[in-house]
């Protein structure tokens, strides 16, 4: 598979995709360069998969024999009808698309776009299923020309594979400034300029060209407060276990999604995020009269700030130890006893 694919791949996720992307941004900034990013958008990606082209790619991945035949039968000979106002259409054959809602459909789609970067020479192409972005470090006008050439190669790949882009949803973002290189729009498949944005939604995280993530944090703080209000109004009996489960499911999941990527450094946002958990825990039965840290101890919870610190340490340690793919290219010169002692210290902090 394309090494830039993070969707439906074991050990990878939206978080690994975002971390790899932001690692490239920081590398470019440290080198005194700009990183230009194009967010691509496929039109009805899963529905546009051509069966013949897909089956050829399945064979190319050396999937043959009974499994290959089974996949062929899985895709072919599907029929559909449409019911509208009580009237049913005639039966028609399904000539494209992978059956959505199935595990195999996701894997087949990953196979379908596994060669999207086949003729890309200079850019980095990363995907999470059909969500695809193209990056390049920019230090000269020639770099911009190379990026446009790689975009043209991707557009040709889409045409050759009968995949269609929704170019109205293309977005462009730049991180960093180069004095002698103008920031201008790259061209879409139709030749129109791609809109340059200061913020863009990227795999559920609101990215910003200043790398501060203020809009993302404002969004999750607002939506978490709305959900918290709904839950507290809906449940007048607020016993410990069900309330914590509700908080973890509907609120904490918002506050901690990919937090390694956007974790706040401004005390204002650290406090605002923490206030959501502070308020919710004060409404649980039996927590009246206790301060926040006493409530956390009685509820066997950590503060959100402490949890983010733990995520950083655990994730970094897992990469260094080889437990997870070293997306950030972390290196260490720990040897022998010092490595063992450091691992024990980290484990002790985690516990």
> Of the listed peptides 309-321, 87-99, 112-124, what is their order by residue-averaged count of other C-beta atoms within 10 Å, with the highest listed first?
Replying inline: 112-124, 309-321, 87-99
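Can you tell me the order of 77-83, 178-184 when each peptide is scored by its average per-residue count of other Cβ atoms within 10 angstrom, highest first? Before the final figure, lay out each step's value.
Values: 77-83: 9.6, 178-184: 11.4.
Order by mean packing, descending: 178-184, 77-83.
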> Which order do peptides 42-48, 61-67, 201-207 fall in by mean Cβ count within 10 Å, highest first?
Replying inline: 201-207, 42-48, 61-67
>> At 7 Å along Cα-to-Cβ for each site, give me the label-to-label distance between residue 312 and residue 83 in nm.
In response: 5.6
>> Restricted to Cα positions, what overall size does the stretch 65-157 have along the principal axes? Three whole-Å values, descending.
In response: 61, 41, 20
> Which value, in Å³ per residue, describes the convex hull spanned by the Cα atoms of the stretch 7-97?
Replying inline: 185
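Above 18 Å lies some portion of the pair distances; for the stretch 252-336, what is it as a whole percent of all C-alpha pairs?
Details: 1949 of 3570 pairs.
Counting every Cα pair in the stretch 252-336, those more than 18 Å apart make up 55 percent.
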>> With only alpha-carbon pairs counted, each pair once and no self-pairs, how large is the Kirkwood hydrodynamic radius of the stretch 214-301 in angstroms?
In response: 13.6
> Between 304, 54, 296, which gets the highest mean-square fluctuation from a Gaussian network model of the chain, Cα cutoff 10 Å?
Replying inline: 296
>> Place a point 7 Å from Cα of residue 27 in the direction of its Cβ. Which residues in the stretch 299-321 have their backbone N less than 17 Å from it?
In response: 320
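Counting helices only, and only those DSSP H runs with n ≥ 4, report the 222 nm mean residue ellipticity of the chain as the sum of -39,500 (n - 2.57) divided by its residues, in deg cm²/dmol to the nearest 500. Each step should come with its number before you reach the end.
On the way: 13 runs with 161 residues, N = 351.
Taken over the chain, the calculation gives -14500 deg cm²/dmol.
Given the Cα-Cα distance of residue 198 and residue 240 and 0.36 nm per residue of separation, how much length would full extension add, in nm?
Numbers: separation 42, 0.36 × 42 = 15.12 nm, distance 4.24 nm.
Going from the current span to full extension adds 10.9 nm.
Rounded to whole Å and sorted largest first, what semi-axes of the equivalent ellipsoid does the C-alpha gyration tensor of the stretch 99-245 yield via the square root of 5 times each eigenvalue?
Values: eigenvalues 287, 111, 30 Å².
The answer is 38, 24, 12 Å, longest axis first.
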> How far is the Cα center of the stretch 35-90 from the Cα center of the stretch 197-248, in Å?
Replying inline: 35
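Relative contact order of the chain, please, whole-number percent, based on alpha carbon pairs below 8 angstrom and at least 6 residues apart. Walk me through the numbers on the way to the answer.
Working: 414 pairs, mean separation 64.3, N = 351.
The value is 18 percent.
How large is the Rg to Rh ratio of the chain when both quantities use alpha carbon positions and Rh follows Kirkwood? Intermediate results must be reported in sequence, preceding the final value.
Numbers: Rg = 24.3 Å, Rh = 23.7 Å.
Here Rg/Rh amounts to 1.02.
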> What translational D, rounded to a whole number of µm²/s, comes out for the stretch 191-240 from Stokes-Einstein when the hydrodynamic radius is the Kirkwood one over Cα pairs, at 25 °C and 0.890 mPa s?
Replying inline: 181
> Roughly what would the spin-label model give for residue 3 and residue 222, points 7 Å off Cα along C-beta, in nm?
Replying inline: 4.0
> Which percent of Cα-Cα pairs in the stretch 1-209 sits in each 5 Å bin, short to long?
Replying inline: 1, 7, 14, 17, 18, 14, 10, 8, 6, 3, 2, 1, 0
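All of the numbers you see were taken from the coordinates with simple rules; none came from a lab. Because the structure is predicted, anything quoted here is derived from the model rather than measured. Because the Cβ atoms are built from the backbone with ideal geometry, glycine has one as well, and the counts that use them run over all protein chains shown.
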